[in-house]
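Visitor: Starting off with a structure, shown below.
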Amino acid sequence: MGQVRESGPAFQHLALMVRDIEASHRFYTEALGFEQCASIDRPGVDFRFYRGAPDRHHDFALVQTPDPSAFPAADTKWNMLDNRVGINHIAICYPTREEFLTRLRVLKEQGVEFRQRGNHGMTHSVYVSDPDGNGIEVLYELPEEVWVNDVHGALNYWQDMPLDGDEALTDPTDYPVFSGSAQ
Ligand SMILES: [Fe+2]
């Protein structure tokens, strides 16, 4: 999030209501690498702001829900095609392949389960769950020339990648270039 585009509307930030703000804080800082940059100064309110780099004011916020007992966590394991409405997943982009590879290792060190992983045509992505079961896609973008001439083709491409073991920490670069008719 927070990437500036040349024109048109863009998602700018996200605010998540959470069951346990300390657990979510640890996940988003220690596993995903964000820093807390501010909080709301109001008694009885736990509303914290986070960013991935200091050249942005904030990328997202976590908000402690007042009564988490109203939202018991029956199953916090996310699946792409779960029967639900609302957010399917939230994508977090790392700026380079090297940072993506580092993030894969850190996620595993933190005990975060890879729910799904693959070459997605225009990104290499791994999907995990946050502590409340929200789907989080961790990715880096492939070069623009890979997908710019055929976004439909790139979005329909999927190659499964290993979820566990040493192979889960590798990232092949022999990805296809899409040049279909959607121009
Ligand atoms: Fe996605």
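Any read-out appearing in this document is the output of simple, stated calculations on the displayed coordinates, not a laboratory observation. Predicted, not measured: the structure shown is a model, and the values here were computed from it. In this analysis, Cβ positions are derived from the backbone assuming ideal geometry, glycine residues included, and neighbour counts consider all displayed protein chains.
Visitor: With the cut-off at 1.5 for a/c, could you classify segment 83-183 from its C-alpha gyration tensor as rounded, prolate or oblate?
Guide: The shape class here is oblate.
Visitor: While we're looking at this one, here's another question. Over the chain, what is the mean sequence separation of C-alpha contacts under 8 Å (at least six apart), divided by residue count, expressed as relative contact order in percent?
Guide: Result for the chain is 18 percent.
Visitor: Specify, per residue and in Å³, the volume enclosed by the convex hull of the alpha carbon atoms belonging to the chain.
Guide: Hull volume over Cα atoms, normalised by residue count, gives 144 Å³.
Visitor: Taking the chain as a Gaussian network, where each spring joins two C-alpha atoms under 10 Å apart, which residue of MET17, MET122, MET80 fluctuates the most?
Guide: MET80
Visitor: Hey, what angle do you get for helix 97-109 against the long axis of the chain, alpha-carbon based, 0 to 90 degrees rounded to 10?
Guide: 50
Visitor: Another question, then. When you count, for each residue, the other Cβ atoms within 10 Å and take the mean per peptide, how do 170-176, 37-43 rank with the highest first?
Guide: Sorting 170-176, 37-43 by mean packing, highest first, produces 170-176, 37-43.
Visitor: Run through all the Cα pairs of segment 8-103 and give the fraction in each 5 Å bin from 0, expressed as whole percent.
Guide: Binned Cα distances yield the sequence 3, 10, 18, 22, 22, 15, 8, 3, 0.
Visitor: Now a separate question. What is the sum of charges around GLY52, taking Lys and Arg as +1, Asp and Glu as -1, for the other residues whose C-beta is under 13 Å from the C-beta of GLY52?
Guide: -1
Visitor: Sticking with this one: Counting Lys and Arg as +1 and Asp and Glu as -1, each charge on the Cβ, what is the dipole of segment 72-134 about the Cα centre in debye, to the nearest 20?
Guide: The dipole magnitude comes to about 200 debye.
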